[in-house]
Amino acid sequence: MTIKKERTRGQKWTRRAFIGTGGLLATGLVIGVAGNMYMNKAVKKYSGTGMGEGESLNAWLRIAPDGTVTVAVPRAEMGQGVNTSLPQLIAEELEVDMSRIKVIHPQPDAPYANTFLLSNSEPNFYDGYDMMEKVAGTLALVTTGGSTSIRDGYTNMRYAGATAREMLISAAADKWAVEPTSCRAENGFVINEKNERLSYGELALAAKEVDLTELPELKKPSEYKVIGKPVQRLDIPEKVNGTAEFSIDTRPEGLLYAAMRHPETIGGKITSINNKDAISKMPGVKKVVLTEFGAAVIADNTWRASNAAKSLDVEEEDGGNGDLSTAMISAKMLETLDEAPLATPENEGDVESILTDEKSTVIEGTYEVPYLAHAAMEPLNCTVKIAEDNSSIETWVGSQGASLVKTWISDVTNIDADKILVHTPYLGGGFGRRGEPDFIKIAAAVSMEMKGVPIQTIFSREEDMRNDMYRPAAMSRFKAVVEENGDINAWDNMMALQSVTNNAITRWMGSMMAPSPAKDIMTIEGAAHLPYNIKNKRVAFGNVELPIKVGFWRSVGSSQNAYFTESFMDECAHAAGQDPYLFRKSKLKGHPRFEAVLDKLAEISNWTSPAEPNRFKGIALHKSFGSIVGQVAEIEKVGEKEFKIDKFFCVIDCGRIVNPDTIEAQMEGGIVFGLSAAMFGEITWTDGSVDQYNFPQYDMVRLSHSPKVSTHIMDVDEYPGGVGEPGTPPAAPALTNALFAATGQRIRSLPIAKQGYKFV
Amino acid sequence: MELNINGKSHNITVEDNMPLLWVLRDELNMTGTKYGCGVSSCGACTVLIDGVATRTCTLPVVAAVGKEIKTIEGIAAEGNLSAVQKAWIEHQVPQCGYCQSGQIVAAESLLDATPEPTDEDIDKAMTNICRCGTYQRVRAAIHTAAKYRKESATLLG
Ligand code: FES
Ligand code: FES
């Protein structure tokens, strides 16, 4: 058989494939590294769990006698469409119709490691970058986040499909005693020169035994029939008839429900329960438990458990943070801005001497954003069943960190990770919150108190909102010198916030694995290395030490940095007396992809046409997670400080397109997510506790507030970028820049509603 | 007490004040109706009670006795998707999907009361939260569903 060794694209991909193999090595699944993860015999024989009937040709797909292809999607489906877009990659190369495909979420085993996750920022930002990528591969982290599913799977999944196709062709050729090169694959069949056909279902058993010696060639984009098409999502039919199972819908035989009672203050600890006996006698209550994470009541119904948990009378130590308040946090951030920075990741030219030159006119602005909750629609929950004799654990949890689920449960229960089975139902929203260990560890601790029965531990909305790992509050102080011709001669940005990566990775894997705050690339993502040509620039930050738990929140650093930088860019345009679009454009020489996005955006938003009365526009441009997104907000003034957000125009360059409808949906949703934060979102602290309890105090954009979004996807033949997060960052600055155009008032602190603005 | 859900009668023994939501989810294992807030704010728990969209997380079960309860599981009559469900698929509305049972039920109720809703009618009636931000597709799908309902009414008429 002649299979060309050549690949359609660069070396980087090869490297990723091999790193994936590293993960297998680490867990002892694979011994030889000659070849790769698709052809390697051990991986090929490794078939995953729960793949249904049929024959596995590799870890990603199994073919049943009737031709059904079960695809193992090792990423969680949380609305971003992976259950469809990843199978599209396989279907393309395997030559099967999407209607033949069934999706399962496999056990989070080594072949499925997401090696892209820890390397999703600009390459070689810090020395530690490549190291982190290797760590991800070696630990075989099967995780969903960082807008990485397509970027990680784009190569893997296509090779999984292509190698399986070649194995099927080879098996058919053997049967017919002809050369494989004389056969072709089409729509679930292998066809020879005489037009005889054998179905994949008939061939799978023999195909399984085929050993390929070389990687097959991948299709050229011009040959794509499935990739790049708006394939209907496979998960949607069951999401319109109520049958889709989220983790909260898990109903194993004998299920009990547990409601949590967390400590009131950060770092607090519930030390005892005063009314345990009375609570134990409440209707339906099976057991009242005290764990290291808090108290919980196990009952036969969620409502009964929740009522009982609310009635608990507990003693609590406050953990020494009982005086923490939002005012104190803001003061601390301001102090940090004045101190010497912890790190200066970007420092070109001589910013200091320009800023201090008396001939310079320095413009200045200090921006602030608050803590934010994730508030995924499905409150956090996790179902765990521990065998009475500790021989096994079964768990059902919507987690973005499936392989870590095993580690975390093992840590709490002292039961070996390889005895733990992890089911991944649908996630009712993730946004980063579902990558955290807390709700999983708590569920494991509760289930340890009552073995032999499955227990679903649920946070009430109140517990969910008040015990989040929040997007940190942050400040950015800008100084700039803008020349008369519009050149930015100096740009200085000093930030102050808690380190998300240090904080979160410490929770995930312990402090040894966590990068120090100085090395946290998430802090500067979207603030440093902007595309704009600026002669002298300095981006620095300080770390604000606080006991508040902060975590990854849809678009992470970019969630505040896009608002900061794109607002101040607008301030610079205003100082130069230039149009905000043309001002940005003049600084994009040498960055054609950014310029093309900006130009397209101006075109679809009719930026240069004279505005209708009482209508105003604001523009923002931002790159995150490998994709460039530009947005224009078009608002209508309906009263004094009263506006309607009428339209959003959005242009994205995410490289090669896998599913355009999914990309549009992610832009629409990402904008609403960004607007909710910009308009209303705020978590505040009083006496060490969160002030907001539920949606009435932490409101979000609803249908009547949501703009009409028009999205244009650029046609760019480059490696794909992410799409789950990049739609969010530009929304806030596009809106606040539009409000500036309308009112002449610069909004330097969010949420906007707090500045007296109203939205209709 | 006896509950009539999706045309079937169910006998249950629970506290009178248990919200209907938890009777559906935990006593009857009908998990299509979701818990989102428990305070009648988000609409995830919406079902039709005598044809009217009702948030069940704060509705004592006893208030639903003797009424017709229709949940998301009962929207597709004999397995045939409703006009709303068809439009939902056509517009590829759901993302995570968690709020969608509530959105669909609220849309059914809106269209029953207002067969050809304007954008303003939709703004007023559709107050459910979708954290994934599927609102513009919800709006478009409601207009499409209104069209489908009208067409099938003409066919039948
Ligand atoms: S759960 Fe009933 S309105 Fe939110
Ligand atoms: S689709 Fe996720 S909350 Fe609406």
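List of remarks:
- Restricting A:Glu77, A:Glu166 to those that are in contact with a Cys (Cβ under 9 Å, 6 or more places away or on another chain), of a type in the set (Asp, Glu) and at pLDDT 90 or above reduces the list to A:Glu77.
- Number of positions in the range B:4-33 that are out of contact with any Ser or Thr (no Cβ under 7 Å at 6 or more places or on another chain), among the polar types (S, T, N, Q) and within 10 Å of chain A (Cβ to nearest Cβ): 3
- Taking (1) over 28 Å from A:Lys310 (Cβ atoms); (2) assigned to a helix (DSSP H, G or I) in turn, B:Ala63 satisfies each apart from (1).
- Only one entry in A:Ser609, A:Ser567, A:Ser558, A:Ser605 is among the hydroxyl-bearing types (Ser, Thr, Tyr) and surrounded by fewer than 19 Cβ atoms within 10 Å (Cβ to Cβ), namely A:Ser609.
- B:Ala83 vs. criteria farther than 28 Å from A:Glu725 by Cα and within 14 Å of ligand 2 (Cβ to nearest atom): no
- The residues of the range A:413-429 that are assigned to a strand (DSSP E or B) and within 14 Å of chain B (Cβ to nearest Cβ) amount to a single one, A:Tyr426.
- Residue match in the range A:365-374 (condition: at pLDDT 95 or above and more than 25 Å from A:Glu725 (Cβ to Cβ)): yes
- Residue check, B:Ala83 in contact with a Phe, Trp or Tyr (Cβ under 6 Å, 6 or more places away or on another chain) and more than 11 Å from ligand 1 (Cβ to nearest atom): yes
- Of all the residues in the range B:9-33, those that are part of a helix (DSSP H, G or I) and surrounded by 22 or more Cβ atoms within 10 Å (Cβ to Cβ) number 7.
- Taking the range A:523-536 as the range and being surrounded by fewer than 22 Cβ atoms within 10 Å (Cβ to Cβ) and touching a helix residue (DSSP H, G or I) at 6+ places or on another chain (Cβ under 8 Å) as the test, the residues that pass are A:Pro531, A:Tyr532, A:Asn536.
- Being part of a helix (DSSP H, G or I), under 20 Å from A:Pro237 (Cα atoms) and within 13 Å of chain A (Cβ to nearest Cβ) is not true of B:Val93.
- Residue check for A:Thr413: within 28 Å of A:Asn83 (Cα to Cα) and away from ligand 2 (no atom under 16 Å from the Cβ): no
- With respect to the stated conditions, A:Val314 fails to be in contact (Cβ under 8 Å) with a residue 12 or more places away in the chain and more than 24 Å from A:Gly688 (Cβ to Cβ).
Residue-by-condition table, conditions (1) within 16 Å of ligand 1 (Cβ to nearest atom); (2) in a helix (DSSP H, G or I); (3) in contact with a Gly (Cβ under 6 Å, 6 or more places away or on another chain):
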site: A:Gln692; (1), (2), (3): yes, no, no
site: A:Val709; (1), (2), (3): no, no, no
site: A:Val716; (1), (2), (3): no, no, yes
site: A:Pro726; (1), (2), (3): no, no, no
site: A:Ala734; (1), (2), (3): no, yes, yes
site: A:Phe740; (1), (2), (3): no, yes, no
site: A:Ile747; (1), (2), (3): no, no, no
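- Annotation: of all residues in the range A:656-668 being touching a helix residue (DSSP H, G or I) at 6+ places or on another chain (Cβ under 9 Å) and in contact (Cβ under 8 Å) with a residue 60 or more places away in the chain, the one that is farthest from the other protein chains (Cβ to nearest Cβ) is A:Arg656.
- For the range A:57-100, a tally of residues being crowded, with 24+ Cβ neighbours inside 10 Å and either part of a loop (DSSP other than H, G, I, E, B) or of a type in the set (Gly, Ala, Ser) (or both) returns 15.
- Within the range B:72-106, tally of residues that are of a type in the set (A, V, I, L, M) and closer than 22 Å to A:Val231 by Cβ: 4
- Among residues of the range B:103-157 being away from ligand 1 (no atom under 16 Å from the Cβ) and part of a loop (DSSP other than H, G, I, E, B), the one that is surrounded by the most Cβ atoms within 10 Å (Cβ to Cβ) is B:Gly133.
- All positions within the range B:34-52 that are within 16 Å of ligand 2 (Cβ to nearest atom) and part of a strand (DSSP E or B): B:Thr46
- Scanning the range B:86-102 for residues that are under 15 Å from the mean Cα position of the chain (by Cα) and either on the phi > 0 side of the Ramachandran plot or within 16 Å of ligand 1 (Cβ to nearest atom) (or both) turns up B:Gly97, B:Tyr98, B:Cys99, B:Gln100, B:Ser101, B:Gly102.
- Failed condition for A:Ile683, given (1) away from every other protein chain (no Cβ under 14 Å); (2) among the β-branched types (Val, Ile, Thr); (3) out of contact with any Phe, Trp or Tyr (no Cβ under 9 Å at 6 or more places or on another chain): (3)
- Residue match in the range A:255-268 (condition: away from chain B (no Cβ under 11 Å), without any contact (Cβ under 8 Å) to a residue 60 or more places away in the chain and either out of contact with any Leu (no Cβ under 6 Å at 6 or more places or on another chain) or not in a helix (DSSP H, G or I) (or both)): yes
- Residue match in the range A:373-388 (condition: closer than 27 Å to A:Asn493 by Cβ and not hydroxyl-bearing (Ser, Thr, Tyr)): yes
- In the range A:272-286, the residues that are in a loop (DSSP other than H, G, I, E, B) and either in contact with a helix residue (DSSP H, G or I) (Cβ under 6 Å, 6 or more places away or on another chain) or closer than 16 Å to B:Val14 by Cβ (or both): A:Met282, A:Pro283, A:Gly284
- Looking at the range A:295-396, the strands (runs of 3 or more DSSP E) lying wholly inside it that each contain 3 or more residues that are away from chain B (no Cβ under 14 Å) and not acidic (Asp, Glu) sit at A:343-348, A:362-369, A:381-386.
- Taking the conditions (1) within 25 Å of B:Ile142 (Cα to Cα); (2) more than 7 Å from chain A (Cβ to nearest Cβ); (3) crowded, with 23+ Cβ neighbours inside 10 Å in turn, B:Ile72 satisfies each one other than (2).
- Scope the range B:66-80; condition away from ligand 2 (no atom under 16 Å from the Cβ) and not in a loop (DSSP other than H, G, I, E, B); matching residues: B:Glu68, B:Ile69, B:Lys70, B:Glu73, B:Gly74, B:Ala77, B:Asn80
The values are calculated or read from the model by the stated rules, or taken from the named source; none is laboratory data. Quick caveat, the model's predicted, so the values are computed rather than measured. Here Cβ is always computed from backbone atoms with ideal geometry, including for glycine, and neighbour counts include all displayed protein chains.
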